[in-house]
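Trainee: The following block contains the structure, expressed as structure tokens.
Any read-out appearing in this document is the output of simple, stated calculations on the displayed coordinates, not a laboratory observation. Note that the structure is a prediction, hence the values are computed from the model and not measured. Every residue, glycine among them, receives a Cβ derived from its backbone with ideal geometry; neighbour counts consider all protein chains shown.
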Amino acid sequence: MKKDFFLFIVAVLGLSAQHEFKPLPYAYDALEPYIDAQTMQIHYEKHHKNYYNNFISCYEKFPELKQMSMIEIFKNIEKFGPKVRNNGGGYWNHEFFWDCMIPGGKAIPIGEFSALFLKTFGTLEDFKKEFKEKALNLFGSGWVWLILDKNKQLKIVTTPNQDNPYMNISSEQGIPLLALDLWEHAYYLKYQNRRGDYIDNFFNVINWEKVAENYKSASRK
Ligand code: MN
């Protein structure tokens, strides 16, 4: 009874709204022809939604998840078991991924981020080559990321399954700036087994303005 009353108060205060299933920031067909509408719709409505539903179903076992930010959860992920790791990761990774893309793409804005980016990778073409290579070398399902590591350096890394670089159990840690989903469900309908073509086409829709913003907030931490 006490617990129910507590949950009622939490709901009244609006704290339960911390982890929401946000709307997709563009229409399903907005990234055509690079990412097709059917893939976007299934990816968002079925896969992403399913990770979200499974994640919030973990509130019952771990009520503290409700009040924690996703980043706090990831930094303590070993406390919560595989269901939270897989579905909390799946929920947050997709939300982050949608924001990395925009119809038509956006160029890298001139500034601190572009300076470090060029110093690290050489040209944009060199970056794409390394990003694609690492993405193709990931066996099975997972993600490829551009991160800012603890030494404030840019780095391209991959994580398996729905892990991400915020997780304290990840072999590659840092603050994500850009992500690409490498699960077959992200590209199979249009590209079948051609992961390389999917990656090449992703480069056309990257929102580099958002990536530079992510860098700005990451570099202040
Ligand atoms: Mn996915």
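Trainee: Run down 60, 125, 72 and say which single residue is over 20 Å from residue 18 (Cα atoms), surrounded by fewer than 19 Cβ atoms within 10 Å (Cβ to Cβ) and more than 16 Å from the ligand (Cβ to nearest atom).
Mentor: Only one candidate passes the filter, namely 125.
Trainee: State whether one or more residues within the stretch 172-187 are of a type in the set (Phe, Trp, Tyr), within 16 Å of residue 35 (Cβ to Cβ) and either touching a residue at least 24 places away in the same chain (Cβ under 8 Å) or assigned to a loop (DSSP other than H, G, I, E, B) (or both).
Mentor: Narrowing the stretch 172-187 to residues of a type in the set (Phe, Trp, Tyr): 183, 187.
Now restrict to residues that are within 16 Å of residue 35 (Cβ to Cβ): 183, 187.
Then keep just the ones that are either touching a residue at least 24 places away in the same chain (Cβ under 8 Å) or assigned to a loop (DSSP other than H, G, I, E, B) (or both); that gives 183, 187.
Checking the stretch 172-187: at least one residue is of a type in the set (Phe, Trp, Tyr), within 16 Å of residue 35 (Cβ to Cβ) and either touching a residue at least 24 places away in the same chain (Cβ under 8 Å) or assigned to a loop (DSSP other than H, G, I, E, B) (or both).
Trainee: Taking only the stretch 99-114 into account, find how many residues are crowded, with 22+ Cβ neighbours inside 10 Å and in a helix (DSSP H, G or I).
Mentor: 1
Trainee: A further question on this structure: If I filter the stretch 28-48 for residues that are assigned to a helix (DSSP H, G or I), among the hydroxyl-bearing types (Ser, Thr, Tyr) and either within 16 Å of the ligand (Cβ to nearest atom) or farther than 15 Å from residue 89 by Cβ (or both), do I get at least one hit? Before you say what the answer is, go through the steps one by one.
Mentor: First pass over the stretch 28-48, keeping only residues assigned to a helix (DSSP H, G or I): 37-48.
Among the residues that remain, those that are also among the hydroxyl-bearing types (Ser, Thr, Tyr) are: 39, 44.
Cutting the leftovers down to either within 16 Å of the ligand (Cβ to nearest atom) or farther than 15 Å from residue 89 by Cβ (or both) gives us 39, 44.
Yes, some residue in the stretch 28-48 is assigned to a helix (DSSP H, G or I), among the hydroxyl-bearing types (Ser, Thr, Tyr) and either within 16 Å of the ligand (Cβ to nearest atom) or farther than 15 Å from residue 89 by Cβ (or both).
Trainee: Sticking with this structure for a sec: Sort out which residues of the stretch 188-221 are of a type outside the set (A, V, I, L, M), within 15 Å of the ligand (Cβ to nearest atom) and over 16 Å from the mean Cα position of the chain (by Cα), and write them in order of number. Steps first, answer last, please.
Mentor: Going residue by residue through the stretch 188-221, those that are of a type outside the set (A, V, I, L, M) are 188, 190-198, 200-204, 207-210, 213-217, 219-221.
Cutting the leftovers down to within 15 Å of the ligand (Cβ to nearest atom) gives us 188, 190-191, 195, 198, 202.
Selection gives 188, 190, 191, 195, 198.
Trainee: Which ones in the stretch 128-156 are surrounded by fewer than 19 Cβ atoms within 10 Å (Cβ to Cβ) and assigned to a strand (DSSP E or B)? Steps first, answer last, please.
Mentor: Looking only at the stretch 128-156, we keep the residues that are surrounded by fewer than 19 Cβ atoms within 10 Å (Cβ to Cβ), and these are 128-130, 133-134, 136-141, 149-153, 155.
The answer is 155, and nothing else.
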